[in-house]
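Trainee: Before anything else, here's the structure in question.
Every number in this text was worked out from the coordinates using simple rules, so none of it is lab data. Note that this is a predicted model, so its numbers are computed, not measured. Cβ atoms come from the backbone with ideal geometry, glycine included; neighbour counts cover every protein chain shown.
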């Protein structure tokens, strides 16, 4: 008797659930339909929204440059990306030109004051990458003006 | 299509979900702006800067002007360089912002609310030159470590606030006070809460000057977030790193302040001149105080071409740290001869001075216009790079522009 009553009420709950789920599915389909409809009406009127690039690979290389960081593709690239771009941007690496000794002392300074970890075997790989791809350029005591953007002066 | 819809519908928090971190400047993000991880960073919108400004570093944010952008007599925010050592504070609660004055040399530490600071003390406005100690670093050889500033890490805005001296008098400081050291709310790049990105300061003599302010306004408005909102120490004429941002504590020290970036090679130069590239021991380095004499041609932009029948009007600014500029000259023959410029007096002490000149050229051809300022003690800008130092500070070599007469 008790069992039968329980079974009956369970079936009622089960039926109710099916109805609720069905209603939710219909509402969801309608919602997607209307939202997309609205989207297609306003589409391309706001140029601030553009599609994200199709290629989502965070380590994409284009023309020899690691797109995400701007670093040159060469041996040791990922060691530099993984160890040197967590706290600061790669721009800081790229704009600095040092020899091996000064890079190592910079790494020691970062380890002492900036919470940089022990780089282990990667240290040599990183320093080699930096001195090979971003070597110091001799500038002398004053460089010539270059890249002058000539224009007609209006008065 | 689906992705576009998704991004469009995304709220700040769902963007945070996408990126996997909180959107730091969420409250500053212009409508329709997609944050860093979702598109190329647009710091120009984020910081309300002119798109011609140059980003040197996106973490931490460092951005400089170009000479022709600095043509205004009073630098507006859009052309003001940004130099950050750490991460900009992520939550600023102005209602509960306080400033504590403590240290070995205060009688008793005291804390003020922002409201108290504004209501209790008299307000002063000064136009103050702030130049990054490393402005011009990119020219040093051998190259010096750090952001490779060219010429644009200088500004001269109007700052409004209260005199640091007035607060220190209110707190009461001991006779053995030698230095003030600031502490700000910015975050260390490693996000280690026990580390400060920068904590510098100035000797008492500088701290007690009329023009040394705890500022809450820049050019008449709340200080922009990137420049220290809601409270900034402003000490014109000294390396801009003395002018600490997001200030919440000032320690009155009985020693030279020993906070972050006060030691080692930071903002310090060899006490005695060294050869280029020479190693210098920490104990042989001295803290930079006043910035050297310097000038910038802000009009015309380099590259001007014009007819020989016309004369060229140039103008710009000159400044000399703690001193005044007493003479301004230009040369069109690489320093063989110098001609005087008209030089205005500063709006107040420690403000840059404006200069102008009208130049006639003898022949058609390529010229460089070089500008040279001389300070009130007779020191002039060098045409070559000044003394090399390990971190490449204090490059005050003459600025020049290229012109072509046709």
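Trainee: Please compute the average number of Cβ atoms from other chains found within 10 Å of each residue's Cβ in peptide B:56-62.
Mentor: Other-chain Cβ atoms within 10 Å of each residue's Cβ, averaged: 5.
Trainee: For region B:112-172 and region B:58-107, what is the centre-to-centre distance using only Cα atoms, to the nearest Å?
Mentor: Computed from Cα coordinates, the inter-centre distance equals 8 Å.
Trainee: Can you give me the Rg/Rh ratio for region A:61-133, using Cα atoms for both radii and the Kirkwood formula for Rh?
Mentor: 0.93
Trainee: Something else: So what are the radius of gyration and Dmax for the Cα set of region B:99-145, in Å?
Mentor: According to the Cα coordinates of region B:99-145, Rg and Dmax are 19.2, 51 Å.
Trainee: Quick one, can you get me the convex hull of the C-alpha atoms of region B:294-405 expressed as volume per residue in Å³?
Mentor: 108
Trainee: Where the Cα atoms of region B:94-287 are projected onto their three principal axes, how long is each span, largest first, in whole Å?
Mentor: So the three principal-axis extents are 51, 36, 34 Å.
Trainee: Still on this model: Sketch the reach of a paramagnetic label on residue A:105 as a point 7 Å from Cα along Cα-to-Cβ, and name the residues of region B:238-274 whose backbone nitrogen lies under 17 Å away.
Mentor: The answer is B:263-274, whose backbone nitrogens lie closer than 17 Å to the label point.
Trainee: With a point put 7 Å past each Cα toward its Cβ, work out how far residue B:116 is from residue A:124 in nm, to one decimal.
Mentor: Inter-label distance under the simple model: 6.0 nm.
Trainee: May I pose another question? Using the reciprocal of the averaged 1/r over all distinct C-alpha pairs, how large is the Kirkwood radius of region B:191-318 in Å?
Mentor: 18.0
Trainee: Could I ask something else about it? Principal axis extents for region B:186-247, Cα atoms only, whole Å, descending order, please.
Mentor: 36, 29, 15
Trainee: While we're looking at this one, here's another question. Which percent of the Cα-Cα distances in region B:114-169 go past 12 Å?
Mentor: 72
Trainee: Could you give the semi-axes, largest first, of the ellipsoid that matches region B:272-335, computed as the square roots of 5 times the alpha carbon gyration tensor eigenvalues and rounded to whole Å?
Mentor: For region B:272-335, the semi-axes come out at 36, 16, 10 Å.
Trainee: Any idea what % of Cα-Cα pairs in region B:56-205 are farther than 26 Å?
Mentor: In whole percent, the share of Cα-Cα pairs in region B:56-205 beyond 26 Å is 41.
Trainee: With every atom except the alpha carbons ignored, what do you get for Rg and Dmax of the protein assembly as shown, in angstroms?
Mentor: 28.3, 118
Trainee: Please compute the alpha carbon radius of gyration of region A:116-155, then divide it by the globular-protein estimate 2.2 N^0.38 Å. Two decimals is fine.
Mentor: Here the answer is 2.23, to two decimals.
Trainee: Have a look at the DSSP beta bridges in chain B and tell me what percent are antiparallel, nearest 5.
Mentor: Beta bridges within chain B, antiparallel portion: roughly 90 percent.
Trainee: Right, next: Diagonalise the Cα gyration tensor of region B:37-140 and give the resulting equivalent ellipsoid semi-axes, square root of 5 times each eigenvalue, largest first, whole Å.
Mentor: After diagonalising the Cα gyration tensor, the semi-axes are 32, 19, 16 Å.
Trainee: Between residue B:258 and residue A:72, what FRET efficiency follows from the Cβ-Cβ distance if R0 is 45 Å, with the result rounded to 0.05?
Mentor: Efficiency computed from Cβ-Cβ geometry: 0.70.
Trainee: Moving on to the next point. Where does the Debye-calculated log10 I(q)/I(0) of chain B sit at q = 0.12, 0.13 Å⁻¹, using only Cα point scatterers of equal weight, no solvent?
Mentor: -1.00, -1.14
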